[in-house]
1. Using the Kirkwood formula on the Cα atoms of segment 26-110, what hydrodynamic radius do you get, in angstrom to one decimal?
2. What percentage of the solvent-accessible surface of segment 117-229, computed with a 1.4 Å probe over protein heavy atoms, is contributed by carbon and sulfur atoms?
3. Using the crude model of +1 on Lys and Arg Cβ and -1 on Asp and Glu Cβ, and no other charge, please compute the dipole size for segment 157-224 relative to its Cα centre, in debye to 20.
4. Would you give the gap between the C-alpha center of segment 55-76 and the C-alpha center of segment 170-210, rounded to a whole Å?
5. How far apart, in nm, are two points set 7 Å out from the Cα along the Cα-to-Cβ line at LYS23 and at ASP177?
6. Using the Karplus equation 6.51 cos²θ - 1.76 cosθ + 1.60 (θ = phi - 60°), what ³J(HN,Hα) coupling, rounded to whole Hz, does each residue of segment 102-108 give in order, writing x for Gly and Pro?
7. Could you pull the Cα extents of the chain along its three principal axes, largest to smallest, in whole Å?
8. Which of the listed residues, VAL117, GLY64, LEU98, is farthest toward the dipole's positive end in segment 40-181, when Lys, Arg count +1 and Asp, Glu count -1 at the beta-carbon?
Amino acid sequence: MGLSFITMKDVCHEYPLGKVVVKALKGVNLQIDAGEMVALIGPSGSGKTTIINLLGALDTPTNGEIFVGSLNLNQLSRGERIKYRKTKVSFIFQFFNLFPTLNVYENTEFPLLFMPVPQKEIKERVLFALETVGLGGLAKRRIDELSGGERQRVAIARALVTKAPLVLADEPTGNLDGETAAVVMELMTKINKEFGTTFLFSTHDPRVMKYAGKIIELRDGRVAKIQTS
Ligand code: ADP
Ligand code: MG
């Protein structure tokens, strides 16, 4: 096995549901290199969100091992998990998860408020991220006054400011029309190329899959197919 950035080894995950358990992942093996742009596809319920949550250390697998960089996620202490989520990984969601009444600047700087970054550098990073996503002119605009596409670009800017090497995006275009989805995917591709950020995004949409260099297809909690373009 080479030196992959991400490795999932025989990962199983079960959710308790009343008196039964739901077997969401049934032995997932996959590897992703640093700088890859990867799509996670498969029908609803196939395990996409579960994989994203596990890689983000939002949940711990029932069985198996997950490595990200030099870290074995299962072996992190509570404090190390928090640090991992703050510094190594950024999240982008289908429903944006922004603060609706705060403005674009405030939403973008939010993750930096919990990091030891000096005020001056916070400002530099936020303005740079907003320029990168083409929202330099809207810094003072409230989120609830933006379109869906603009909101997702704010979420991308927020993912950029921490300089995390891994971005996990769960159906990032699920709530956008086709044209806006293309703008968002082109922006993610640009960031992937320019900064070498590794992207893992889930999607149902064939027009969105084509932005990936690798497509991992899940079926019923297992990897059914891996396609590299
Ligand atoms: P996808 O994102 O591909 O739609 P998920 O990872 O959300 O799939 O779900 C995988 C399986 O796990 C599904 O059968 C789903 O119903 C189940 N599942 C997901 N989250 C929970 C939960 N919190 N409690 C119980 N079952 C869950
Ligand atoms: Mg899902």
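The values are calculated or read from the model by the stated rules, or taken from the named source; none is laboratory data. No experiment lies behind these values; they were computed from the predicted model shown. Note that we place each Cβ from the backbone using ideal geometry, even for glycine, and neighbour counts take in every protein chain shown. Accessible surface areas use protein heavy atoms only, side chains included; no ligands, DNA or RNA. Shrake-Rupley method; radii C 1.70, N 1.55, O 1.52, S 1.80 Å.
1. Details: mean 1/r = 0.0666 Å⁻¹.
Computed over segment 26-110, the radius equals 15.0 Å.
2. On the way: 2670 of 5380 Å².
Exposed carbon and sulfur together represent 50 percent of the surface.
3. Working: 9 positive and 9 negative charges, 65 e Å.
That gives a dipole near 320 debye.
4. Value for the Cα centre distance between the two parts: 25 Å.
5. The two pseudo-label positions are separated by 4.4 nm.
6. Computed from phi, the couplings for segment 102-108 are 8, 8, 4, 4, 5, 5, 5 Hz.
7. Principal-axis extents of the chain (Cα, largest first): 48, 41, 39 Å.
8. The listed residue farthest towards the positive side: VAL117.
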